[in-house]
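Input: a single structure, listed below in structure tokens.
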Amino acid sequence: MRNGYGIACGKIILAGEHSVVYGQPAIALPFFSVHAKCFVSVSDDDDTMVSSLYSGKLDDAPAHFNGVKDVLNKLKNDLKITSNLNITIDSDVPTERGLGSSAAVSVALVRAVFEFMNQEASQDELRDYTHIAESYHHDNPSGIDSEIIIKEQTIYYIKNKSSEIMNVDVDAVLVVADTGQAASTKEAVQNVRRQYTDHAQAINDLGLLTNKAKEFINTKDIQGLGDCLYESHLKLQSIGVSSLELDKLVEAAMENGALGAKLSGGGLGGCMIALCTPDKTNDVLSSLINAGSKKTWVMSLKEEYHG
């Protein structure tokens, strides 16, 4: 019996969230600690889905899955698939946390359906299909989530212009912490857009900080990079996309040895990141747990994220 399988990692925005929507640069890392997996097989009934959030006929799935529905319908039409399909999604990418859950599921789905048809999706096809689903979750997606997840390499990204692969090889650690608070990227993006005139300078400043972060990565200046991350958080606070939970974790990290810390992703909840030297990792990790983080991950920027 014909089957298809696809897998995709999560993502971390190091710098430039929100400002990337307005043509400013952003830096993103693949987040290999979490993955979305998708399995596709022939269904004896209608198109069906099995996942931790919903199981049943795809047509009856809640609105959260509208993007998946449209992607699957487009895939079936383009690839001339006449049979009904069963879609099984197995993902440990936390939803609504700014770690790229929707993009990871979409990329995994596209890869699985193409494999089901004994084909392999090109990067352009992965981008195009994933954009359909991302539009539901991000309102005006910059494309950075799908780009980093497809390439699985650190990128310096400018919307509709360029995607440059970066080498990240610095003697530092990134601690990722989940507030446990669901975050709506669409809501955050819409809030910023409604008040864009008031936030235009901060948006521009976030772009400048991203370029500084790139320079500090290239020169291996981890203190300079840490300063950029914390300054970015203050700018993101000023445009109203942080939260009390995020601020609490950021300050806990900064007070316990982090070189820099900031929210990562859309904000209004979700996750934050803290940059620290290897010898300070346990102190920062403990401080985040004590401050209420629901889950933490540790990633070495020296061993895992160089090109």
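The values are calculated or read from the model by the stated rules, or taken from the named source; none is laboratory data. These figures come from a predicted structure and were not determined experimentally. No Cβ is skipped: glycine too gets one built from the backbone with ideal geometry, and neighbour counts run over all protein chains shown.
Here are the criteria: (1) surrounded by 15 or more Cβ atoms within 10 Å (Cβ to Cβ); (2) more than 22 Å from Ser101 (Cα to Cα). Tell me which single one Glu255 does not satisfy.
It is condition (1) that Glu255 fails.
Taking segment 10-32 only, how many residues are surrounded by fewer than 16 Cβ atoms within 10 Å (Cβ to Cβ) and either part of a strand (DSSP E or B) or in contact with a Cys (Cβ under 8 Å, 6 or more places away or on another chain) (or both)?
1
Using the structure shown, decide if Lys235 is surrounded by fewer than 19 Cβ atoms within 10 Å (Cβ to Cβ), among the basic types (Lys, Arg) and either more than 16 Å from Leu14 (Cβ to Cβ) or at pLDDT 95 or above (or both).
In short, no.
Would you check if Gln181 is out of contact with any strand residue (DSSP E or B) (no Cβ under 9 Å at 6 or more places or on another chain), touching a residue at least 60 places away in the same chain (Cβ under 8 Å) and surrounded by fewer than 23 Cβ atoms within 10 Å (Cβ to Cβ)?
When the stated conditions are applied, Gln181 passes them.
Looking at Gly143, is it within 30 Å of Lys69 (Cβ to Cβ), touching a strand residue (DSSP E or B) at 6+ places or on another chain (Cβ under 9 Å) and free of Cβ contacts under 8 Å to residues at least 40 places away in the same chain?
Judged against the criteria, Gly143 is a match.
For a quick check of your reading of the model, give me the residue pairs whose first member lies in segment 198-219 and is farther than 12 Å from Val170 by Cα, whose second is surrounded by fewer than 20 Cβ atoms within 10 Å (Cβ to Cβ), with beta-carbon atoms closer than 6 Å and at least 6 apart or on different chains.
Ala202/Ser238; Ile203/Tyr22; Leu209/Glu231
Restrict the check to segment 282-291 and report whether at least one residue is in contact (Cβ under 8 Å) with a residue 24 or more places away in the chain, over 16 Å from Gly98 (Cα atoms), touching a helix residue (DSSP H, G or I) at 6+ places or on another chain (Cβ under 7 Å) and in a loop (DSSP other than H, G, I, E, B).
So far as segment 282-291 goes, yes, one or more of its residues are in contact (Cβ under 8 Å) with a residue 24 or more places away in the chain, over 16 Å from Gly98 (Cα atoms), touching a helix residue (DSSP H, G or I) at 6+ places or on another chain (Cβ under 7 Å) and in a loop (DSSP other than H, G, I, E, B).
Filter segment 102-127 down to residues that are of a type in the set (Gly, Ala, Ser) and crowded, with 24+ Cβ neighbours inside 10 Å and give me whichever is nearest to Gly10 (Cα to Cα).
This residue is Ala104.
Among the residues that make up segment 39-55, is at least one of them of a type in the set (Gly, Ala, Ser) and exposed (fewer than 13 other Cβ atoms within 10 Å of the Cβ)?
yes
What do you reckon, is Gln195 polar (S, T, N, Q), assigned by TED's automatic domain parsing to the domain that holds Asn290 and closer than 20 Å to Ser293 by Cβ?
No; evaluated as a whole, the condition is false for this residue.
If only one of Asp46, Asp59, Asp90, Asp70 is acidic (Asp, Glu) and part of a strand (DSSP E or B), which one is it?
Asp90
Of the numbered conditions (1) farther than 30 Å from Val71 by Cβ; (2) among the β-branched types (Val, Ile, Thr); (3) part of a helix (DSSP H, G or I), Val192 fails exactly one; give the number of that condition.
(1)
Considering Thr82, Thr130, Thr95, which residue is among the hydroxyl-bearing types (Ser, Thr, Tyr), surrounded by fewer than 22 Cβ atoms within 10 Å (Cβ to Cβ) and either farther than 23 Å from Met272 by Cβ or without any contact (Cβ under 8 Å) to a residue 24 or more places away in the chain (or both)?
Exactly one residue qualifies, and that residue is Thr82.
Quick one: Asn282 ticks every box in (1) buried (at least 19 other Cβ atoms within 10 Å of the Cβ); (2) within 25 Å of Phe32 (Cβ to Cβ) except a single one, so which number is it?
With (1) buried (at least 19 other Cβ atoms within 10 Å of the Cβ); (2) within 25 Å of Phe32 (Cβ to Cβ) applied to Asn282, the lone miss is (1).
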